[in-house]
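Note sheet for the following structure.
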Amino acid sequence: MYKILKKEILAPSIKLLEIEAPLVARKALAGQFIILRVQDKGERIPLTIADFDREKGVITCVFQEVGKTTRELGTLDEGDCVRDFVGPLGNPTHIDNYDRVVCVGGGVGVAPVYPIARAMKEAGNEVIGIMGARTAELVFWEDKMRAACSELRVTTDDGSYIRQGFVTDVLREVIEEKGDIALCVAIGPPPMMRAVANLTRKYNLKTVVSLNSLMVDGTGMCGCCRVTVGGETKFTCVDGPEFDGHLVDFDEMARRAVIYKPQEQKALDIYTEKGAQKCQCGCGGE
Amino acid sequence: MAEKKKIAPNKNQMPAQDPVERAGNFNEVALGYSEGAAVAEANRCLQCKNEPCRQGCPVEIDIPAFIKLAARRDFKDAIAKLKEKNAMPGVCGRVCPQENQCEKYCTLGKKYEPVAIGRIERYCADWELANGALPQKTCSPNGKKVAIVGSGPAGLTCAADLAKQGYQVTIFEALHIPGGVLMYGIPEFRLPKAVVQAEVQNLKKLGVEIQVNAVVGKFATVDELMGEHGFDAIFIGTGAGLPHFMRIPGENACGVYSANEFLTRTNLMKAYLFPDYDTPLRIGRKVAVLGGGNVAMDAARTALRLGAEESWVVYRRSKNELPARHEEVEHAEEEGVRFKFLTSPTRILYNDDYWVTGMECLQYELGEPDESGRRRPVPIKGSEFTIDVDTVVVAIGQGPNPLVPRTTKGLACNRKGNITADLETGATSLPGIFAGGDVVTGAATVILAMGAGRTAARAIDAYLKGV
Ligand SMILES: Cc1cc2nc3c(=O)[nH]c(=O)nc-3n(C[C@H](O)[C@H](O)[C@H](O)COP(=O)(O)OP(=O)(O)OC[C@H]3O[C@@H](n4cnc5c(N)ncnc54)[C@H](O)[C@@H]3O)c2cc1C
Ligand SMILES: Cc1cc2nc3c(=O)[nH]c(=O)nc-3n(C[C@H](O)[C@H](O)[C@H](O)COP(=O)(O)OP(=O)(O)OC[C@H]3O[C@@H](n4cnc5c(N)ncnc54)[C@H](O)[C@@H]3O)c2cc1C
Ligand code: SF4
Ligand code: SF4
Ligand code: FES
């Protein structure tokens, strides 16, 4: 059992948990992920490591409630436990002094981009951060990102905060403005990563994306997470999760992401119905 | 007593669930002997002085002795006798390929059916499960720490043997439940998970600590376990969990699974109980399983239970060459699994949504024997045809997971990535590091993995006493 030491609600449906997992924290690096299971009958879901504290032995995860498991996770409070928690999985981001890098976070992708930006700056890079959200209330960690980056630009799809535009609009401006950029790291919803990759391809700007394919074990045992990168099949969990964005077959990825759509919907319906019942009878789910 | 006993020519039948009924559930297929049948079967044994059956058992169980005890209804001593050599008789009695091992050498088998050694073994183990486990002998702690990587049959056996000798043993397991293939691979209907977990509980009673959710190579490397974590020796039993694919076009389409994924979702994650359990599995109307081993049979039989209308095993050689156990093939056929022999796919077809719609295959014929002595399948030119399926399960074998070798400097491996270890001791190229089971031999059997775990335990004990 792994205890939740801290919970924060960052935005509607975006939550942060600090979970006690000393063995994971000891080795965690930016770019890696964990897999957790909320309860005994639960699914194994991957979440990126958004931060870690080796001394306290905690891992920070930031997640968006999209289906049954993430909603259930969102109901847990400080002091509660998750059943299973394994990591650090996947390869860490390759941190180096590239001179100037751009780190792009879209939506909940801001969380995993944060430790990468911080590590890049610590390695001596000039880090230009770009973060985007659909609307003002979904913006979180602006302060943390500002501290982690040399310069931060924020945008919202609807213009309700700072400016209107997609992260790709800001990225284009940054590239035009700065010229020499060695690397772009982009994490967010797959359509955003694809759009970033399409843009940077035109500028020949090397781009790393972090893929979120469906997973089961996360150790290379099942092949559920396979993606095509540069015409070759790779396992996201052990060969990634970061890959060259210009080589990823995003089309395939998008189609594989919805394999279980009907089942996911059913699980969510049953879950929310149960939740509703719980409210009505006031028995606390007994 | 000098009277010569009359031998029944056939094994006592083991009752099984009706094929039609069982194809719709996940309960165990073979129901096990009654006490009467177990005793009657034990009485078929001739108690041969030269014990030919023993040489067929990889762990050399004293077969005549345990059978004699069973014949006297002394099941307590029978199980004790079994456990001298085999830590998990309840598992082996169910899944050992007995026809190629102990029973193959049975004297009775020359004239009649051999003694059903495995079934009697299983009866004794189930008797123990029903009547409470025997107390296990242990030594006082000797202060030495051993780490076991992987909790499959190899790791569990090695851990049990060392714990009994007073070692402080910690098992590190990557998944959230210990047991290895016994939990995630072999289906409930062949090996109930309660049987495996009972064995794991016995191990905990011996004082073995089991850390699940612990991927060695990630939270700590083998070197770090020996260093910072303070272990004196390590046994690596990480199995052969890396799925092989065909490398044909269309293999990443939706509806194509590795057998590992298909079986892990079903067994470990209990997708057959969705939505009570959260992990889903999507199964179509017509399923094709590629391969011909135990794994393929398990997948094909699982597909029927999950509601597939048709479940096909597609194998590139003929029925005679099927590597799966006869009993499993028979059970599969009874349940309605169908076979396409001398067939191999060249391409998986899919629709606009990327879902599987069919498989383009080539017809094969058998040519000259190859290195394995089996006749080589040769494709017939121009014989392309398509079969209409909507789910494909690839069960053509597994390799060793490279995670541990890749993160352990100086650990010698062969070309296929298997860890090189002395088969007599399990010793690897690194001092204090031992290995055994599928990660050394490639995918083999439960009993061989257990044997390797036991061998290594002996060698680790000798090594640590010598240090
Ligand atoms: C390496 C990795 C790191 C991740 N890091 C984070 C993170 O830091 N924060 C976060 O909020 N999410 C992250 N995800 C996605 C997260 O795992 C999924 O949101 C979660 O599994 C959904 O579970 P659910 O039961 O709530 O929803 P489901 O009912 O399973 O799915 C609901 C919706 O989410 C989509 N979905 C399901 N599984 C995934 C998945 N693995 N990736 C993307 N979309 C999915 C489905 O297509 C569906 O539309 C990561 C995924 C991977 C593979
Ligand atoms: C579907 C199927 C059916 C089978 N049927 C039979 C049968 O009927 N009869 C028979 O005799 N044999 C059968 N086998 C083969 C048999 O199961 C294996 O030979 C046996 O389980 C090998 O044991 P092992 O201990 O070497 O490894 P495994 O059972 O593979 O266990 C290895 C364990 O190590 C863990 N691990 C891997 N890497 C790490 C790491 N880095 N850190 C921590 N833990 C790790 C894995 O998660 C796993 O739990 C079958 C196999 C399969 C897949
Ligand atoms: S362990 Fe296997 S081979 Fe040995 S006696 Fe039992 S069934 Fe036969
Ligand atoms: S060979 Fe067969 S009959 Fe002879 S002792 Fe062994 S099991 Fe009994
Ligand atoms: S999640 Fe199973 S191989 Fe990657």
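Readers should treat all values here as calculations from the given coordinates under stated rules, not as data from a laboratory. What you are looking at is a predicted structure, and each value in this text was computed from that prediction instead of being measured. Because the Cβ atoms are built from the backbone with ideal geometry, glycine has one as well, and the counts that use them run over all protein chains shown.
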Taking a ≥ b ≥ c as the square roots of the Cα gyration tensor eigenvalues, with a/c under 1.5 meaning rounded and otherwise prolate when a/b beats b/c, else oblate, which class fits segment B:241-306? prolate
Sorting A:Val208, A:Val196, B:Val313 on the 10 Å Cβ count, fewest up front, what's the list? A:Val208, A:Val196, B:Val313
Using only atoms on other chains, find how many Cβ atoms lie within 10 Å of each Cβ of peptide B:220-228 and report the average. 1
Once phi is turned into ³J(HN,Hα) by the Karplus curve 6.51 cos²θ - 1.76 cosθ + 1.60 with θ = phi - 60°, what whole-Hz value does each residue of segment B:420-425 show in order, with x for glycine and proline? 7, 9, 5, 5, 7, 9
Taking a ≥ b ≥ c as the square roots of the Cα gyration tensor eigenvalues, with a/c under 1.5 meaning rounded and otherwise prolate when a/b beats b/c, else oblate, which class fits segment B:28-125? rounded
What are the residues whose amide H is under 5 Å from the amide H of B:Val313, where those residues sit 5 or more places off or on another chain and H is modelled from the backbone? B:Val289, B:Arg338, B:Phe339, B:Lys340
Please grab the % of Cα pairs in chain B that end up more than 34 Å from each other. 38 percent
Assigning unit charges at the beta carbon (Lys, Arg +1; Asp, Glu -1) and nothing else, what dipole magnitude in debye, to the nearest 20, does segment B:347-467 show about its Cα centre? 800 debye
Taking chain A, the equivalent ellipsoid from its C-alpha gyration tensor has semi-axes in Å, biggest first, of 31, 21, 20
Lys and Arg at +1, Asp and Glu at -1: neighbours of B:Met226 with Cβ under 13 Å from its Cβ sum to -1
Where does segment A:1-40 land on the Kirkwood hydrodynamic radius, alpha-carbon pairs, in angstrom? 11.9 Å
Rounded to the nearest 20 debye, what is the charge dipole size of segment B:107-223 about its Cα centre when +1 sits on each Lys and Arg Cβ and -1 on each Asp and Glu Cβ? 200 debye
Averaged across the residues of B:177-184, what count of C-beta atoms belonging to other chains lies within 10 Å of each residue's C-beta? 1
Would you list B:Arg338, A:Arg226 from fewest to most Cβ contacts within 10 Å? B:Arg338, A:Arg226
Ranked output for segments B:341-352, A:212-223, B:301-312 by mean other Cβ atoms within 10 Å, highest leading, reads A:212-223, B:301-312, B:341-352
Alpha-carbon gyration tensor eigenvalues x 5, square-rooted, for the protein assembly as shown, Å: 49, 30, 25
Send over the per residue convex hull volume for segment A:168-251, Cα only, as a whole number of Å³. 84 Å³
Excluding residues on the same chain fewer than 8 positions from A:Lys261, give the aspartates and glutamates whose Cα lies under 16 Å from its Cα. A:Glu43, A:Glu65, A:Glu252, A:Asp269, B:Asp278, B:Asp353
Give me the dipole magnitude in Debye, nearest 20, for segment A:65-109 about the Cα centre, with unit charges on the beta carbon: positive for Lys and Arg, negative for Asp and Glu. 200 debye
Overall form of segment A:107-178 per C-alpha gyration tensor (a/c, 1.5; a/b vs b/c): oblate
Proximal lysines to A:Lys266, defined as alpha-carbon separation beneath 25 angstrom and excluding residues fewer than eight positions away on the same chain: A:Lys15, A:Lys41, A:Lys68, A:Lys274, A:Lys278, B:Lys270, B:Lys286
Can you spot the lysines whose alpha carbon is less than 20 Å from B:Lys68's alpha carbon? Ignore those fewer than 8 places along the same chain. B:Lys4, B:Lys5, B:Lys6, B:Lys11, B:Lys49, B:Lys76, B:Lys81, B:Lys83, B:Lys85, B:Lys104
Based on other C-beta atoms within 10 Å, arrange A:Phe140, B:Phe219 from fewest to most. A:Phe140, B:Phe219
Tell me, what HN-Hα J-couplings in whole Hz come from the Karplus equation 6.51 cos²θ - 1.76 cosθ + 1.60 at θ = phi - 60° for each residue of segment A:30-42, using x for Gly and Pro? 4, x, 8, 9, 10, 10, 10, 10, 6, 8, 4, 9, x
Neighbourhood charge, 14 Å Cβ-Cβ cut-off, centred on A:Arg54 and excluding it, Lys, Arg +1 and Asp, Glu -1: -3
Per residue of B:230-242, what is the mean number of Cβ atoms on other protein chains within 10 angstrom of that residue's Cβ? 1
Roughly speaking, what is the stretch gain from A:Asn91 to A:Asp244, that is 0.36 nm per residue apart minus the C-alpha to C-alpha distance, in nm to one decimal? 53.7 nm
What percentages make up the Cα-Cα pair-distance distribution of segment B:288-361 when the bins are 10 Å wide from 0? 20, 49, 26, 4, 0
So in chain B, what percent of DSSP beta bridges are antiparallel if you round to the nearest 5? 35 percent
Under Karplus coefficients 6.51, -1.76 and 1.60, residue-wise ³J(HN,Hα) of segment B:374-389 in Hz, glycine/proline x: 8, 5, 6, x, 10, x, 8, 4, x, 8, 3, 8, 10, 10, 8, 9
